[in-house]
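The values are calculated or read from the model by the stated rules, or taken from the named source; none is laboratory data. These figures come from a predicted structure and were not determined experimentally. Because the Cβ atoms are built from the backbone with ideal geometry, glycine has one as well, and the counts that use them run over all protein chains shown. The area values use the complete protein model at the heavy-atom level, side chains included, leaving out ligands, DNA and RNA. Shrake-Rupley method; radii C 1.70, N 1.55, O 1.52, S 1.80 Å.
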Amino acid sequence: MSQKKKKVVLSGMRPTGPLHLGNYVGALRGWVRLQDTHQCYFTIVPWHALSSEYTNPKVIKEYTFEVALDWLAAGLDPEKSVLFIQSEIKEHAELHLLLSMITPLPWLERVPTFKEQQQEIQDKELNTYGFLGYPLLQTADIIIYKAEVVPVGEDQAFHIELAREIVRRFNRFYGKVFPEPQMLLTEVPKLAGTDGRKMSKSYGNAIYLKDTPETIKKKISPMVTDTRRKRRTDPGEPDDCPVFTLHRAFVPESKREELARDCRTAAIGCLECKKVVIEALIEEFAQFREKRAYYEKHPDLVWQIFEEGNQKAREVASQTMEQVREAMGLRFPSGNLKTGKK
Ligand code: TRP
Ligand code: SF4
């Protein structure tokens, strides 16, 4: 049987600091699994961070390092996947520029995240050229590796759809250079943070992958549960319990169903029920914390791993760009001429 070529996967993450459980179940956990079946490229994207953090760009490097630590600790493996830093591959910028020439402005203006984020984030001027072009830069990230599969959450669906439209347009104008990337939707169970709202770094309610067992306990123990359970003897409803969103992501199904039954009959108390998810988290991340601590003590090793990834990525990206320039009629004879030195 002939070996089938592995499909190319690409996904990216903005460097926004240490990853929380929502980032983990929404992306990283699935990426780790994809590594065995696909040729994966995973990139940390400083330029995307810059599109909104341009007044305070100094934090981006530190945040990139934090994300890199979490990636390696959680099991992204440089032996299997290409792990790299987007802004170190200048070819992305060239492709972004070329794509900007063929992209009708309304395509970008109608991306829902563009208007939404502008309204939501009042303290930043986001009516910029770069912010409007955010999904176009994302398109460049994806197609420069000819990625066929892009694992992302629902919030990115429009961006991937736009990438597909741009690929079709490019291929129609200049010949088929890029495959149309497909979205691989990661089912993201909505995780509640410690205050019951959606877990988010900006709400200050997040549980981080790097949290110690004590911190995890301290964060989850006082969490509000289903408000119907005023007394231990009051039955509850797991579907209305913020803590149970964590159970859904981290407690194996059979145990989880038992807990749900016992909640509905008041056979179990909330403290006991919380203990199960606390222990599941501590166990799932035990190895993780050790690995993270090791890499944290060896930053040179981390940067070296990513530099090797950058080199692999650059090689592929520069080959694609040769094809793009050829297709668009942008390869000039001057590149092949000898200079006039005597
Ligand atoms: N926009 C993505 C996010 O905020 C990050 C990202 C940048 C990305 N480039 C990408 C995701 C390429 C997938 C593919 O989550
Ligand atoms: Fe939530 Fe568990 Fe308490 Fe039920 S028993 S309300 S699921 S913490």
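Got a number for carbon plus sulfur as a percent of the chain's accessible area, 1.4 Å probe? Display every interim value, and only then the final one.
Details: 9640 of 18560 Å².
For the chain, the apolar C and S fraction of the accessible surface comes to 52 percent.
Divide, for the stretch 50-189, the radius of gyration over alpha carbons by 2.2 N^0.38 Å, where N is the residue count.
Details: Rg = 16.0 Å, N = 140, 2.2 N^0.38 = 14.4 Å.
The stretch 50-189 yields a ratio of 1.11.
Take the residue pairs 7/61; 7/90; 124/201 and return only those whose Cα atoms are more than 20 Å apart.
Result: 7/61; 7/90 exceed 20 Å.
Using a Förster distance of 35 Å, how high is the FRET efficiency between residue 129 and residue 326, based on the Cβ-Cβ distance and rounded to 0.05?
0.80
What per residue convex hull volume, in Å³, do the alpha-carbon atoms of the stretch 283-326 yield?
Enclosed volume per residue, from the Cα hull, is 76 Å³.
Can you give the direction-averaged projected area of the convex hull of the alpha-carbon atoms in the stretch 199-342, in nm²?
16.1
Whole-Hz Karplus ³J(HN,Hα) for the stretch 169-182, in order, using 6.51 cos²θ - 1.76 cosθ + 1.60 and θ = phi - 60°, x for Gly and Pro?
Along the stretch 169-182, the couplings run 5, 4, 4, 5, 6, 10, x, 6, 9, 10, x, 6, x, 9 Hz.
Pull out the extension gain between residue 58 and residue 266, defined as 0.36 nm times the separation in residues minus the alpha carbon to alpha carbon distance; nm, one decimal.
Answer, rounded to one decimal: 69.7 nm.
Give, in nm to one decimal, the length gained when the segment between residue 311 and residue 200 is fully stretched (0.36 nm per residue of separation minus the Cα-Cα distance).
36.6 nm
Name the long-range amide H neighbours of residue 182: under 5 Å, sequence gap of 5 or more, or other chain; modelled H, no Pro or chain starts.
So residue 182 has HN proximity to 149, 150.
Calculate one ³J(HN,Hα) per residue across the stretch 249-264 by plugging θ = phi - 60° into the Karplus curve 6.51 cos²θ - 1.76 cosθ + 1.60, and present them in order as whole Hz with x for glycine and proline.
Karplus values, whole Hz, x for Gly and Pro: 8, 10, 9, x, 3, 5, 5, 5, 5, 4, 4, 4, 4, 5, 5, 5.
Under the 0.36 nm per residue contour assumption, what length would be gained going from the current alpha-carbon distance of residue 155 and residue 215 to full extension?
18.6 nm
Given only helices, namely DSSP H runs of n ≥ 4 each adding -39500 (n - 2.57), what is the per-residue ellipticity at 222 nm of the chain, to the nearest 500 deg cm²/dmol? Show your work: numbers first, answer last.
Numbers: 15 runs with 174 residues, N = 342.
Here the helix-only value at 222 nm equals -15500 deg cm²/dmol.
Of all the Cα-Cα pairs you can form in the chain, what percent are over 36 Å apart?
Here the long-distance tail beyond 36 Å is 30 percent of all Cα pairs in the chain.
Return one whole number: the accessible area per residue of the chain in Å², for a 1.4 Å probe.
54
Could you name the aspartates and glutamates whose alpha carbon sits less than 15 Å from that of residue 297, not counting residues in the same chain fewer than 8 places away?
62, 66, 70
What nm distance separates the two modelled labels at residue 239 and residue 33, each placed 7 Å from Cα along Cα→Cβ?
In this crude spin-label approximation the distance works out to 2.5 nm.
Quote the FRET efficiency, to the nearest 0.05, computed for residue 187 versus residue 80 with a Förster distance R0 of 41 Å and r equal to the Cβ-Cβ distance.
The pair residue 187/residue 80 has a calculated efficiency of 0.95.
Sort 181-188, 52-59, 236-243, 168-175 by the packing proxy (mean of other Cβ within 10 Å over each peptide's residues), most packed first.
Ranked by mean Cβ neighbours within 10 Å, highest first: 236-243, 181-188, 168-175, 52-59.
Obtain the nm distance between the two label points defined at residue 118 and residue 300 by a simple spin-label model: each point lies 7 Å from its Cα along the Cα-to-C-beta direction.
Placing both labels 7 Å along Cα→Cβ, they lie 4.8 nm apart.
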